[in-house]
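Asker: Let me begin by handing over the structure; questions about it come next.
The values are calculated or read from the model by the stated rules, or taken from the named source; none is laboratory data. Here the structure is a predicted model, which is why all the values come from computation and not from measurement. Note: ideal-geometry Cβ built from the backbone for every residue, glycine included; neighbour counts use all protein chains shown. Surface accessibility is based on the protein's heavy atoms, side chains included, excluding ligands, DNA and RNA. Shrake-Rupley method; radii C 1.70, N 1.55, O 1.52, S 1.80 Å.
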Amino acid sequence: MKKQILNNKETSHTYIVVFTFLYGMTLLAWPFVAFAIGMSLGAPTPVEFQVASDWMGKIVVSYPISVIGAIIGGWASYRSERYIFPYWMMQLPLLWIIAFFTVDRFGKYLHFLG
């Protein structure tokens, strides 16, 4: 039993370190993406894409909040010796990425919400 706990601890630590590095790299690119989205929000948009462009802007602007929340939550749960929870916590920013691409792909069908 002790060996299984240590294995979960080591695996969880490696997982958190890898995702902290990856999400840190995405935060380095985030200002450029936010600038591009900001410029695209200023462009004239057809009516059927206005809701989608608004949602995409909000998703991109709030992305660092999800990354910071995931990193803090992952490390805090690791420090409190809950070694399975970081696996779930570190997936939080992926929800933002999935939401971004979903709105990008199906944005023309969201105009009824605006």
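Asker: Could you run through the stretch 29-69 and say how many residues are open to solvent by 40 Å² or more (accessible area, probe 1.4 Å) and either within 30 Å of Thr11 (Cα to Cα) or not in a helix (DSSP H, G or I) (or both)?
Answerer: Qualifying residue count for the region: 8.
Asker: So, of the residues in the stretch 4-21 that are farther than 14 Å from Arg79 by Cβ, over 19 Å from the mean Cα position of the chain (by Cα) and of a type outside the set (Asp, Glu), which turns out to be modelled with the lowest pLDDT?
Answerer: It comes out as Leu6.
Asker: Can you spot a residue in the stretch 70-82 that is open to solvent by 70 Å² or more (accessible area, probe 1.4 Å), outside any helix (DSSP H, G or I) and closer than 30 Å to His111 by Cα?
Answerer: Within the stretch 70-82, none of the residues are open to solvent by 70 Å² or more (accessible area, probe 1.4 Å), outside any helix (DSSP H, G or I) and closer than 30 Å to His111 by Cα.
Asker: So, in the stretch 78-89, exactly how many residues are modelled with pLDDT of 90 or more and closer than 21 Å to Tyr63 by Cβ?
Answerer: 0
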